Amino acid sequence: MSFDYDLFVIGGGSGGVRAARVAAAGGAKVALAEEDRYGGTCVIRGCVPKKLMVFASEYASVVEDAQAYGWDISAGDFNWDTFKGKLHNELDRLEGIYRNLLKNSGVESFDQRAKLADEHTVELADGTKKTAKHILVATGGWPSMPDIKGAELGISSNEIFHLDKLPENILIVGGGYIACEFAGIMNGLGVKTTQYYRGAQILRGFDDEARGLVSEEMCQAGIDLHLGTNVLEMRKEGDKIWVKATNGDETLFDQVLFATGRNPNADNLGLEALGIERDRAGAIVVDDYSQTAVPSVYAIGDVTNRVNLTPVAIREGMAFVETVFNGNPTSPDHDLIPTAIFTQPEMGTVGLSEEDAAEQEAIEVYATSFKPMQQSFAGRAQRVLMKLIVSKETRKVLGCHIVAPGAGEMIQLAGIAVKMGATKEDFDRTVAVHPTMSEELVTMKTPVRTA
């Protein structure tokens, strides 16, 4: 049977684009359909614009520190319009790069929605049908909104980058990394920031000591964090949003941002009609090689809800090409993935938390918390944390957790050692780079506790 393409990719985010490009580079005839903007969540409405907003929000404290170091600097005011214009110009530039990467790789692109018509056929929004030997679904995820009265008055992380003006005050609902990152961003930009989270502590699933320090430092920075609190209902009052909380508070806000989770973007793709299974969260069920129950259809990235990180989606795309087009069955490696949360202060983590490790085996915990030299000299009290979780039996470092400025940069390098199976003694044998914050990772000699 002949097909129009060897591969048809649905979704123009980082994972889909990488798979399309690599397959085409190997000689496959490839097409890709994207209904929105090329680059996906990460480039257009996620990692990249978020990190640029983090940078922008940190300059106020940098100016204060500079003055403490003797520089004569006028802090001035933040101009949202100037920043937003440059931000969207940068996103346009990056989208253009993604388009050109596909074009230069020989991938045919369709700027419209696509869905599955049968196991080898994709139907485009204009009714055109294209056949392919293999179909790859890489449609990512989408913010979920809560089912409460007045929720439509709030915005999601998609809209936060498109505000006409900065609000004077904002309520952020949620306790995951998106909520906490935007709480830091808004607070740093001078917006009075309130955060509600229904749980007992933010950043559920991360190391308790690390997330506890992040929570404490967020409060010290001026974020009004309410734990064990959720929104009951909302309504419009003039140009404000009235919010009633479960703790009894009734408050007026200029904006309400819901960062209450994300759902796999898998609705209305024709999956069910083909017998492609979705789990309770709506994610496409795949095997270790990203293959669905229909042999010709694969799925990667956030739509599978395995590890929802851009670099992981890219790795899954590469493994898919290796498996399907290079004859080398390759399962994406989801073990010991380093990651960073760009809260203020940042948190970087790889491996097991203290709590998870202690449930598996006997461990030693090495940890230190201190005020970094640069900020301490400037009179700021922000503390940092360096922490290693070590197996008593094998001496392997099972987890590394850093809360500090630049933690994302540090954990990338620490992640290499942990991934290689480095022991505590390997860390100890490494000479410290002085004076740095990260030298503490190789100078901690005595465990603070065992479990």
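Of note:
- The range 95-137 - Debye-derived log10 I(q)/I(0), Cα point model, q = 0.18, 0.24, 0.27 Å⁻¹: -0.60, -0.89, -0.98
- Across the chain, the relative contact order, built from alpha-carbon pairs under 8 Å that are at least six residues apart, equals 15 percent.
- Estimated vicinal HN-Hα couplings, Hz - the range 201-212 in sequence order (Karplus 6.51, -1.76, 1.60; Gly, Pro = x): 7, 5, 6, 4, x, 8, 3, 4, 5, 5, 6, x
- Cross-link reach is defined here as a Cα-Cα straight distance under 16 Å, omitting same-chain residues fewer than 8 places apart; for residue 133 the lysines meeting it are 29, 115.
- Separation of the alpha carbons by more than 32 angstrom is noted, of 103/129; 51/192; 103/165, for 103/165.
- Percent accessible area from carbon and sulfur atoms, the chain, protein chains only, probe 1.4 Å: 49
- The range 224-239 - phi-based ³J(HN,Hα) in whole Hz, Karplus 6.51/-1.76/1.60, Gly and Pro as x: 8, 8, 10, 8, x, 9, 9, 8, 8, 7, 9, 8, 7, 10, x, 9
- Residue-normalised accessible area of the chain, given per residue in Å² at a 1.4 Å probe: 47
- In terms of packing, defined here as the mean over residues of other Cβ atoms within 10 angstrom, the peptides 426-432, 212-218 line up highest first as 212-218, 426-432.
- Shape category assigned to the range 179-237 from the gyration tensor of Cα positions, a/c cut at 1.5: oblate
- Solvent-accessible area of residue 59 with every protein chain in place, 1.4 Å probe, in Å² to the nearest 10: 140
- Where Cα atoms sit under 23 Å apart: lysine pairs in the range 319-451 separated by 8 or more or lying on different chains: 14
- Built amide H within the under 5 Å cut-off of residue 346, gap 5+: 404, 406, 407
- Less than 5 angstrom separates the built amide H of residue 233 from those of 244, all sequence-distant by 5 or more or on a different chain.
- Under 5 Å from the amide H of residue 110 lie the amide H atoms of 32, 33, 34, each residue being 5 or more positions distant or on a separate chain, with H modelled from the backbone and absent for Pro and chain starts.
- Tilt relative to the chain, helix 14-25 - C-alpha long axis, 0 to 90 degrees, to 10: 50
- Helical mean residue ellipticity (222 nm; -39500 (n - 2.57) per DSSP H run of 4+; nearest 500) of the chain: -9500 deg cm²/dmol
- Listed residue (39, 366, 268) projecting farthest to the positive dipole end of the chain, Cβ model: 39
- Absence of a disulfide-compatible partner, taken as no other cysteine beta carbon within less than 4.7 angstrom, is noted in the chain for 180, 219, 400.
The values are calculated or read from the model by the stated rules, or taken from the named source; none is laboratory data. These figures come from a predicted structure and were not determined experimentally. As a convention, Cβ positions derive from the backbone with ideal geometry for all residues, glycine included, and neighbour counts pool all protein chains shown. Side chains are part of the model used for accessible areas, which takes the heavy atoms of the whole protein and leaves out ligands, DNA and RNA. Shrake-Rupley method; radii C 1.70, N 1.55, O 1.52, S 1.80 Å.
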